[in-house]
Amino acid sequence: MKIPKRLNIFSTMYDVVMVDKLNDVDVDGEKYLWGSILYDDCEIRIYKAKDNSARDVQTLFHEMIHAIMNKTTIEKYISEKYREDFIDVLATGLFDTLERNGLLADGHCEAKTDS
Ligand SMILES: [Zn+2]
């Protein structure tokens, strides 16, 4: 799957910025992160893994789930203590299901037949 440059999530348009250093993901440059989302700036930052595009996609899914949770009331049901683990499981499960069913490859929208 190609990482999009922009992503509309519940009518908010986020810029998706790929960065080369883990600490560039953090807006303050202090933490080493795979991804981050800046709600006020409508920006998702993702560390561009050198040889692991699957990680890029999983990180994008992780940040998308943050955005969805932020825009809905669901966030209040998941305590902050477990939130990152919860989001990681969802992102991994989403990625795994789409990957196993061939839905992440470019051009996946073509109709498939059994013949
Ligand atoms: Zn997170």
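See the values below:
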{"item": "Over the chain: helical MRE at 222 nm, DSSP H runs n ≥ 4 each giving -39500 (n - 2.57), nearest 500", "result": "-12500 deg cm²/dmol"}
{"item": "K31-N8 pseudo-label distance in nm [points 7 Å out on the Cα-to-Cβ vector]", "result": "3.1 nm"}
{"item": "Between helix 53-71 and the chain: long-axis angle, C-alpha atoms, 0 to 90°, nearest 10", "result": "60 degrees"}
{"item": "Length gained when the stretch T72-E99 is fully extended (0.36 nm per residue, less Cα-Cα span)", "result": "7.1 nm"}
{"item": "Dipole of the chain, positive direction: furthest Cα of T97, T72, V57, with charges on the beta-carbon", "result": "T97"}
{"item": "Enclosed volume per residue, in Å³, of the convex hull spanned by Cα atoms of the chain", "result": "131 Å³"}
{"item": "Around I46: net Lys/Arg minus Asp/Glu count, Cβ-Cβ under 10 Å", "result": "+1"}
{"item": "Linear extension gain, L22 paired with Y82, 0.36 nm per residue minus alpha-carbon span", "result": "19.3 nm"}
{"item": "Under 5 Å, built H, 5+ apart or other chain: amide partners of A49", "result": "D56"}
{"item": "Nearest-ten-degree value, helix 80-100 long axis tilted from longest Cα axis of the chain", "result": "20 degrees"}
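Computed from the coordinates by the stated procedures, all read-outs in this text should not be read as laboratory data. This structure is a prediction, so every number in the text was calculated from the model and none was measured. Neighbour counts are summed over all protein chains in view; Cβ atoms, including those assigned to glycine, are modelled from backbone coordinates with ideal geometry.
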